[in-house]
Amino acid sequence: MKMATERTSIAESENVLIRSGECAVTILPHFGGKIASIRIGEHELLQTPLAPIGPRTETMPFDESDASGWDECLPSVAACSVETHAGLVKIPDHGDLWRVEWEIQASEKADQGERSLDLVGRCFSLPLELERKLEVSETGGGWRITLSYRLRNTGNDPVPWAWAAHPLFAVEKGDRIVLPESIRSVKLEGSGGERLSGDSIAWPMGKLSAGGTVDMSIVDAADSGVGDKLFAGPLSRSENWCALERGSIGLRIRVQFDTEATPYLGLWICYGGWPEKPGLKQVCVAMEPSTTPVDSLGVERWSRELGPGESFSWPMEIEIERIER
């Protein structure tokens, strides 16, 4: 199995390209540890930048950034204020980690000739650091991206936290979102233009606020203006996956996760419905393993807590395989 680690020059910084056969993953340590690209041959699987990738501030909203690729949302997805043992803390939009430079811990040989990249990102709103190890390998029928996470409290007091992966997978009309058959409803976090309403939405045939139903598992046109955030869970061990069938390019992307560690699945379904300001729009589906069924750490009943010096670890995996177009 041919593996290689190369350097590339996206976003005017030293970045890392990990390749396994036709699968190439580009990571930007200097820009939030962002997974900027996952390519299978000529096909890009992630949302491309809506704006040039560049420096971020501690307060800028996410829609002023490139809003692309795959970031890690910690310690909250939504901007919020949280009472902690050290006092009131303000957490910015989509958290801290997409705004800061990550430190490379290792990028050498793992085992059996495979390559990996081990990064650490440090929050500024709370004393938390997240280590993420990423490996890329070939399987019998495709490719596997394996991620291992470890979160640590570096402070002297207990710290609240919530995490969600934020992989924005590019889509085209007619592609299909696949969830375990046992998932018959999802929680509504928000819906652009109030397309959907209520606390719980039937899956996959959801009721529209204006009347009628829509098959939410089928990707709509890029200009349909859809922007919905949904949650499934808590999920059982047999519900530890979701998939995106991209018939348009002949690939299936399957996300797997540990439901004991991350028992919820967020779904961001966006077909031209965000950002709300003028300009380029996202056309993507984000499949987001999460510790909570809400975006805000400010919803106290859902936040987790790490004691001083404590750590918490969890896995995640992406499998990519070819399917018939």
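Quick notes
- Of all residues in the range 236-263, those satisfying the criterion of being without any contact (Cβ under 8 Å) to a residue 40 or more places away in the chain and either part of a loop (DSSP other than H, G, I, E, B) or crowded, with 20+ Cβ neighbours inside 10 Å (or both) are Asn240, Thr259, Glu260, Pro263.
- Put simply, of Val77, Val82 the only residue that is touching an Asp or Glu at 6+ places or on another chain (Cβ under 6 Å), of a type outside the set (Lys, Arg), crowded, with 21+ Cβ neighbours inside 10 Å and closer than 26 Å to Pro289 by Cβ is Val77.
- Checking every residue in the range 231-243 against the condition of being modelled with pLDDT under 95, in contact with an Asp or Glu (Cβ under 9 Å, 6 or more places away or on another chain) and either of a type in the set (S, T, N, Q) or over 24 Å from Leu196 (Cα atoms) (or both) gives zero matches.
- Selection within the range 288-307 - in a loop (DSSP other than H, G, I, E, B) and either buried (at least 18 other Cβ atoms within 10 Å of the Cβ) or touching a strand residue (DSSP E or B) at 6+ places or on another chain (Cβ under 6 Å) (or both): Thr291, Thr292, Pro293, Val294, Asp295, Ser296, Leu297, Gly298, Ser303
- Residues being closer than 24 Å to Pro263 by Cα and either basic (Lys, Arg) or surrounded by fewer than 17 Cβ atoms within 10 Å (Cβ to Cβ) (or both) - total across the range 180-196: 8
- Criterion: in a strand (DSSP E or B), crowded, with 17+ Cβ neighbours inside 10 Å, touching a helix residue (DSSP H, G or I) at 6+ places or on another chain (Cβ under 7 Å) and not hydroxyl-bearing (Ser, Thr, Tyr) - qualifying residue of Gly206, Gly227, Gly266: Gly227
- All conditions but one from (1) in contact (Cβ under 8 Å) with a residue 12 or more places away in the chain; (2) over 20 Å from the mean Cα position of the chain (by Cα); (3) farther than 30 Å from Glu42 by Cα apply to Lys207; the one that does not is (1).
- Selection status of Glu324, assigned to a loop (DSSP other than H, G, I, E, B), over 22 Å from Ala78 (Cα atoms) and more than 14 Å from the chain's Cα centre (by Cα): yes
- Selected residue [outside any loop (DSSP other than H, G, I, E, B), more than 30 Å from Ser209 (Cα to Cα), within 19 Å of the chain's Cα centre (by Cα) and at pLDDT 95 or above] from Leu168, Leu117, Leu188, Leu134: Leu134
- Matching option when the condition is more than 22 Å from Phe31 (Cα to Cα), touching a residue at least 12 places away in the same chain (Cβ under 8 Å) and buried (at least 18 other Cβ atoms within 10 Å of the Cβ), among Val136, Val159, Val89: Val159
The values are calculated or read from the model by the stated rules, or taken from the named source; none is laboratory data. Just so it is clear, the model here is predicted, and its values are computed rather than measured. Glycine also receives a Cβ, built like all others from the backbone with ideal geometry; neighbour counts cover every protein chain displayed.
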